[in-house]
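To start, the structure itself, in structure tokens.
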Amino acid sequence: MSTIKRKADNDAVVLKAGSTMSGLLVLSGDPAVALGAATKQYVDATADIPTLGSVWMNTLYSDAPSITGWIACSSSGQYVATVASGDYIYISADYGKTWTQRDSSRAWFNVCMSSTGEKMAACVSGGYIYTSSDYGATWTQRDSTRDWRRIACSEDGTKLVAAELTGSLYYSNDSGATWSSAGTSAAYTSVAMSGDGTYAIATDGTPGYLYTSSDSGATWTQRDSSRAWAACAIDLDGNVMIAATSTGAIYRSTDYGVNWSLVDNSLVSCVSVDVSSDGVFAVASGNAGLKSSDGGASWVAFGLARGGSRLCISDAFDYAFTRDIDDAAFSSVEMPSANFVASSVGSGTDYTLTGSYANVDFGTNHARAYISTAGFYLVYACVQIVADASGAGDVIYAKLNSAGTVGDFGTVATIRCTANSSNERIVLVAVKYLTAGEIRIKAYNATSARGTVTSTGTTIGIVKIA
């Protein structure tokens, strides 16, 4: 090493050029000026990386509010299906960003799907079971008219169990083509099935008992004590089972449902639970949300779009989906933040109808997202504007709005329409401390002699930065 010796203390000095250090360099303190040198562990500030459940995007809104809404997803989270009574089946093939309406409006009550999403099954209260083998594109009527309430399937979709409200459990070994009664009668509130379909669990909410099967639903054994059971879930091999009561108590079994232990009672109510295939991740939803990363042994708070939501998760715990009691479907994704985008496309709102701000609306799809925890957020939004000949020169104003305590925020954006335009856009960007609640786009036509101006596409993205 090339050095110069100081005569006073014989210390070695590193030259500005040409020297090589033989040891670590540790600075005396933090930098006091911009671009000052810093020891490796020093940083000026930190930013939170959004975790699953911190931000929810509303990607589907139906005009049939129902407490029966349910949702299911494939192992990867790419395919999602949701149903509700008096509504249609809605299918997403892009992680819940966009949805396609399928089949007919019926008293849908529950839905399940195979790990790939190729096979699906749904049941109708006072109707039939319907199955699909083409990712939800078409549906086939099965079995007989019954008061169907719950349905579950194996990873490949060939084995299924279904339950009546106050009747029997039924099972199928041929992808739902034919069904047989297991003869066990109760007021069933949920069913779940292991990966290969060997093991299954059902809950009785009368209050009643847990029931488990080790022969694909042909026979069932009563388990645990009489409680108001509301929800259950099972992992891939059937070893880990989770069940919850309507009053929020969560129980867990690690021996295929033979023995059960209370693991959490912090919720006031519970309506759904889900567990990843490997049994590592689990979630529960009711008046609030909980999550577990140790197979349900311990639980911590998990942000929900809204209380009372039905909930499902992908196996890697990087996607989560809910269907709430107002019949809106929400999706939440883990970082990277580029995934925090939700899009809606529809007929739009005719802004000639109002001279004041109104929520941008696509028929029944409100362009909105949901923040479950307060913090600083980067919010970006884009509204696509379409104008006919009468809308030439109309000035459209748009702004961001928080349904929490913040209200309107960010800079108001404007655009002057041209005749017969179809691709003009209003872009909104803001960094703001926001409280929990919905984030919406609001807009109006400020021109006195208003023409016909509509919105045909909107995107909202949210990233938590601190």
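The values are calculated or read from the model by the stated rules, or taken from the named source; none is laboratory data. Because the structure is predicted, anything quoted here is derived from the model rather than measured. For neighbour counting, all protein chains shown are included, and Cβ atoms are generated from backbone atoms with ideal geometry for every residue, glycine included.
Within region 273-296, restricting attention to residues that are farther than 18 Å from Ser261 by Cα and among the small types (Gly, Ala, Ser), which residue is surrounded by the most Cβ atoms within 10 Å (Cβ to Cβ)?
Ser285
Restrict the check to region 207-219 and report whether at least one residue is out of contact with any strand residue (DSSP E or B) (no Cβ under 7 Å at 6 or more places or on another chain) and assigned to a loop (DSSP other than H, G, I, E, B).
Yes, region 207-219 has at least one match.
Looking for whichever is more than 30 Å from Lys291 (Cβ to Cβ) and at pLDDT 90 or above here; the options are Ala72, Ala107, Ala93, Ala17. Which one fits?
Of Ala72, Ala107, Ala93, Ala17, the one residue that is more than 30 Å from Lys291 (Cβ to Cβ) and at pLDDT 90 or above is Ala107.
Scan Ser402, Ser422, Ser448 and give me the residue that is farther than 13 Å from Val383 by Cβ, in the same structural domain as Phe376 (by TED's automatic domain parsing) and modelled with pLDDT of 85 or more.
Ser402
Kindly indicate which of Thr116, Thr140 is over 20 Å from the mean Cα position of the chain (by Cα) and in the same structural domain as Thr212 (by TED's automatic domain parsing).
From the options Thr116, Thr140, the qualifying one is Thr140.
For Thr219, indicate whether it is surrounded by fewer than 19 Cβ atoms within 10 Å (Cβ to Cβ) and either under 24 Å from the mean Cα position of the chain (by Cα) or modelled with pLDDT under 95 (or both).
no
State the number of residues belonging to region 169-181 that are surrounded by 18 or more Cβ atoms within 10 Å (Cβ to Cβ) and farther than 28 Å from Asp278 by Cβ.
2
When you scan region 322-329, do you find a residue that is outside the structural domain of Ser261 (by TED's automatic domain parsing) and modelled with pLDDT under 65, even just one?
no
Only residues in region 420-440 that are in contact (Cβ under 8 Å) with a residue 40 or more places away in the chain count as the first member; pair them with residues that are crowded, with 16+ Cβ neighbours inside 10 Å and of a type in the set (Lys, Arg), Cβ under 9 angstrom, at least 6 apart or cross-chain, and list the lot.
Leu428/Lys399; Glu438/Arg368; Ile439/Arg368; Arg440/Arg368
Go through region 244-293 and give me each residue that's over 19 Å from the mean Cα position of the chain (by Cα), in a loop (DSSP other than H, G, I, E, B) and aromatic (Phe, Trp, Tyr).
Across region 244-293, the qualifying residues are Tyr256, Trp260.
For region 183-203, name all the residues that are more than 26 Å from the chain's Cα centre (by Cα), surrounded by 23 or more Cβ atoms within 10 Å (Cβ to Cβ) and not hydroxyl-bearing (Ser, Thr, Tyr).
Across region 183-203, the qualifying residue is only Ala186.
Counting only residues that are within 19 Å of the chain's Cα centre (by Cα) and farther than 20 Å from Thr189 by Cβ, how many does region 89-112 have?
Result for region 89-112: 13.
Based on this model, can you work out whether Ala436 counts as at pLDDT below 80 and within 23 Å of the chain's Cα centre (by Cα)?
no
Which members of region 253-268 meet the condition of being surrounded by 12 or more Cβ atoms within 10 Å (Cβ to Cβ) and within 10 Å of Met241 (Cβ to Cβ)?
If the condition is that a residue be surrounded by 12 or more Cβ atoms within 10 Å (Cβ to Cβ) and within 10 Å of Met241 (Cβ to Cβ), then Ser253, Thr254, Tyr256, Gly257, Val258, Trp260 are the ones that fit.
Condition check ((1) outside any strand (DSSP E or B); (2) loosely packed, with under 14 Cβ neighbours inside 10 Å) across all residues:
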{"position": "Ser390", "(1), (2)": "yes, no"}
{"position": "Ala398", "(1), (2)": "no, no"}
{"position": "Asn401", "(1), (2)": "no, no"}
{"position": "Gly410", "(1), (2)": "no, no"}
{"position": "Thr414", "(1), (2)": "no, yes"}
{"position": "Asn420", "(1), (2)": "yes, yes"}
{"position": "Val429", "(1), (2)": "no, no"}
{"position": "Glu438", "(1), (2)": "no, no"}
{"position": "Gly461", "(1), (2)": "no, no"}
